[in-house]
Amino acid sequence: MEKQNESLRDRLLARLPQPENLAAYQEETAAMLEKNEKALFWEKWAPQVQTWILFTILIIIDSIWGPRIGKTAIIAIDAFAVVLLLTSMIHSVADNVSRSKVNLLKEIKQVQLQVLELQASLQKTGSR
């Protein structure tokens with residue numbers, strides 16, 4: 001068991017960026033965070049817009065053709081509209097969770113970059 005933990009530790013430490021690669025790591029981090037921001041935008045708005053368009057169509061159908069299509073059909077349309085609203089709320093919660101994850105990732109990367117900068121400055125002063 002201890003051997004497996006050492007192996008995992010070695011693999012994790014091998015993935016850490018080195019102070020010599022600070023500029024490349026900063027660019028990579030900025031690109032990753034920009035990609036996450038774009039994904040969050042589409043994750044938030046695409047389902048919301050689709051849900052609200054369909055909800056609006058259902059309400060229009062309900063108000064215009066409601067008296068002609070019967071009470072059972074109106075109840076079904078209204079129930080589906082409520083399901084769409086609940087789905088929209090669930091998407092909002094999922095979006096908040098995703099945004100929190102990305103914000104946490106930003107904070108972690110910021111701390112990691114600061115540590116790398118400190119290591120780089122210590123290496124420069126130590127090599128003098």
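Please treat every number below as a calculation from the coordinates, not as lab data. No experiment lies behind these values; they were computed from the predicted model shown. Reconstructed Cβ throughout: ideal geometry from the backbone, glycine too, with neighbour counts over all protein chains shown.
Some observations on this one:
- Single residue of L113, L105, L84 found to be surrounded by 14 or more Cβ atoms within 10 Å (Cβ to Cβ), touching a Ser or Thr at 6+ places or on another chain (Cβ under 6 Å) and either farther than 30 Å from E20 by Cβ or among the hydrophobic types (A, V, I, L, M, F, W, C) (or both): L84
- Looking at I53, I90, just one residue is under 21 Å from the mean Cα position of the chain (by Cα), hydrophobic (A, V, I, L, M, F, W, C) and surrounded by fewer than 14 Cβ atoms within 10 Å (Cβ to Cβ), and that residue is I90.
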